[in-house]
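S.K.: Following this message is one structure expressed as structure tokens.
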Amino acid sequence: MLTLLIGLVFGTLIWAVSDMLQATDARRSTRTALVEAGRLEKLILDLETGERGFLITRQERFLQPWEAARVAFPGQARKVVSLTDTPELRRLALKISDEGSSFIRDYSIPLVGAVRRGDPSAWSVETTAEGKRRIDEVRAQFDRFDNDARSILEARERNAAVRVRWSIAAAAGGLAASALLIAAYTGYLTRAIVRPVHRAAAVASRLADGDLGARMPETGVGEIGDLEVAFNSMGSSLEESRRLTEEAHMRLKLLYDASMAVGTTLDVGRTAEELVQVVVPRFADLVTVDLAACILRGEEQPPDERARLFRVAIGDFREAAPFHSAGTTIDWESSAPQSRSYHLGIAIIEPDLRASATWRYHDPDGAARILDRGFHSLITTPLRARETRMGVVSFWRSRLPGDFDEEDLSYATELVAKAGVAIDNARRYTLERNTALTLQRSLLPQRLPAQPAVEIASRYLPAGAQAGVGGDWFDVIPLSGCRVALVVGDVVGHGVHASATMGRLRTAVRTLADVDLPPDELLTHLDDLVIHLSDEQTGMAEGEAAASGELGATCLYAVYDPISRCCTMATAGHPLPVLITPGGAAELVSGPVGPPLGIGGMPFETIELPLAAGSVVALFTDGLIEARDRDIDQGLAALCGALTSPAASLEDTCDIVTGALLGGRASDDAALLLTRTEALSPDQFATWDLPADTAVVSHARKLALDQLVVWGLAEMEFVTELVVSELVTNAIRYGAAPIQLRLIRDRTLICEVSDGSSTAPHLRRARVFDEGGRGLLLVAQLTQGWGTRQTTSGKTIWCEQTLPPSPPSPDQTEGDEVPTAA
């Protein structure tokens, strides 16, 4: 009944509104027709005004509005006809259109043409009267159209107002009746539906606020009773879902924490400890990580090796009394869960340790001690990565409620898999670092040779675990004439590739040093070598090139002569050394620094540094002075301060420097080479200038033999006489002035002959009937070694002889026996 009444009311209102809309549309259409008719009438006036103005003045500008009105009239007339909605108005609109068109066609256009031709009839009274008549008829039609349209508009407005009043009255009556029925029905709804729904809304609000224990009293009947039961079921379901969600969130949070906290370093033991710290006590009360010993060395576990593991980390040690401590070796029995997990590669769960006979079997006493401490559940998970067996992880529960279940087993497997990747990365890094470090140390000098010219001490400190082994290197190379070459360099990058490149450069430097090249020329040849090596890398495969990285290096090469006490050096992008004078003052050597090796096209300049005996030259790499907390200038200042610290020996000075600048741990690899210069005394060498005359050869032999007598080396006269005669003769015949002979007595007897020619002699084998070519062969056969070096004024040919053994001391009699070693 209520629905029918409301429908009737609303139907009446809809009909009234629809009728009002129709009346409104009709009124709007009539008004629009009136407006457009006014515009059409204005066009007629523009036609008349334009033609009259042109007729009177004969000026074309009066035809502009006339031409516009003539063009616009047909379209405007059609528009007015289309807007009329009654037959009478449409008839009037058509008549206006016809008469207007006739006026334009039959009168206005011919009149304008006659005026333009100058026809006198255009100004006649008859023509003017005809135009006035036509215009009056059109205007009369416009007046009738306007009156009829306004009459129709007024009638429509009156009818619409009557219908609206009747509709409002009918609707008001219907609404009043509906209001009474609605009030009665509202009371019923309030008692039977609204109040129970409000209670349900209150319970839903409490559930939404997190009070999942809220419930409704199940007192309703029918649908309301079903609603109360549904709400209570929903509350119980939400409470269970929240519990499961919290558990899942806790586990996801633990997995996330594990991925962030495990593997922050590349140390195997530290990574295992990080796993333990993340898991305890959130997932287990105690965790043990046992790894194969070879994993700690970076190696892979042999497939047939027994499960003899090394405990690397253990969880909360307060609970670990029945367990092996970290650092102990564990030999699991084959039936133990840890052994089965390790060998079979599967995770094993023992949900109830007291009920597990298999777990107790291999060690009943140890199992009893574990049970007495409250441990009740166990999961063992193999630690593997990339098909490599590494160890086993054991999860124990004692204080946490509930035993491990299958879901916990899956979760533990995923957790250990993440840790396994991190531990394997640390293992592989350890292997690579050990390999690179072994290669690096094997390529560095194993033992620096004792030199008469300098006292030497050195240190090499590899970078920390994060940076890896680099390419820093140093070398001490003995040269002819008691000279010594000091080398220090740095290869860009870290790892095996940097170490291998360092070895190639060190070998190249030693080879070039054997040729006795000056420092600037040696670095030029070394620069060409680095360019060639870079070109080789450009042709490597993409993966290999990415692994090798960019090739670049720096190098400093210095040559010290103990006779002239001059140190000549050149540097290719490497820091210049620090000089400590005999008085203890430290100063940085200044001079030109060439570009790094591999740039090419730039010359290297030499630096000549006179040194007093007892001076200390400190050669180093940038890893010694550079650090995150200081710049290079601060590092150089700290280096100078450490070098001037009191020390008993150069070895102690090395320890002081590395301790002060590195603190025992280098962020980048660092090399330090300390050399204390010595000088040969004047009685250890003799020098003679000789004229370029073959007659002086005998005098040169006599000078050399007399010097041998002074040195007590008379037994070396024969070979020395032959060597001096051959070398001086060759210098006079094939060389150029000036010619100089020098003998040096140190650990060997050195004979040097210098001349002004840069042509180097070559050793060759003379044929049977050759008169020459045997001199250098005799020198090479009779001496320990010979060679040639270029100088600024020519060349020097040198050879060395081994000194005879020292005579026995006066305290040792001829009949004494030398005791043998026990």
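S.K.: What number of residues in the range 338-358 are of a type in the set (A, V, I, L, M, F, W, C), modelled with pLDDT of 80 or more and assigned to a helix (DSSP H, G or I)?
M.R.: Count: 3.
S.K.: (1) part of a loop (DSSP other than H, G, I, E, B); (2) modelled with pLDDT of 75 or more; (3) within 33 Å of the chain's Cα centre (by Cα): which one isn't true of Gly468, the others all being true?
M.R.: The single condition Gly468 does not satisfy is (2).
S.K.: While we're on this one: Taking Thr677 as the residue in question, decide whether it is β-branched (Val, Ile, Thr) and either under 29 Å from Tyr557 (Cβ atoms) or in contact with a strand residue (DSSP E or B) (Cβ under 6 Å, 6 or more places away or on another chain) (or both).
M.R.: yes
S.K.: Search the range 746-759 for residues that are farther than 15 Å from Leu479 by Cβ and pair each with any residue that is among the polar types (S, T, N, Q) and at pLDDT 95 or above when their beta-carbon atoms are under 9 Å apart and the residues are at least 6 apart or on different chains.
M.R.: Here the result reads none, with nothing in the range 746-759 linked to a residue that is among the polar types (S, T, N, Q) and at pLDDT 95 or above.
S.K.: Quick check on Asp689: is it outside any helix (DSSP H, G or I), among the charged types (D, E, K, R) and modelled with pLDDT under 90? Write out each step before concluding.
M.R.: Numbers: outside any helix (DSSP H, G or I): yes; among the charged types (D, E, K, R): yes; modelled with pLDDT under 90: no.
No; evaluated as a whole, the condition is false for this residue.
S.K.: Of (1) in a loop (DSSP other than H, G, I, E, B); (2) farther than 24 Å from Val484 by Cα; (3) out of contact with any strand residue (DSSP E or B) (no Cβ under 7 Å at 6 or more places or on another chain), Asp633 satisfies all except one. Which?
M.R.: Answer for Asp633: the failing condition is (1).
S.K.: Determine which member of the set Asp668, Asp622, Asp652 is over 24 Å from His574 (Cβ atoms) and under 43 Å from the mean Cα position of the chain (by Cα).
M.R.: Values: Asp668 fails: over 24 Å from His574 (Cβ atoms); Asp622 fails: over 24 Å from His574 (Cβ atoms).
It is Asp652.
S.K.: Could you please find all residues in the range 371-413 being out of contact with any helix residue (DSSP H, G or I) (no Cβ under 7 Å at 6 or more places or on another chain), farther than 13 Å from Gln338 by Cβ and not in a loop (DSSP other than H, G, I, E, B)?
M.R.: Correct list: Asp372, Arg397, Glu406, Glu407, Asp408, Leu409, Ser410, Ala412, Thr413.
The values are calculated or read from the model by the stated rules, or taken from the named source; none is laboratory data. Bear in mind that the values here come from a model prediction, so they are computed numbers and not experimental data. Cβ sites come from the backbone with ideal geometry, for glycine too, and all protein chains shown count toward neighbours.
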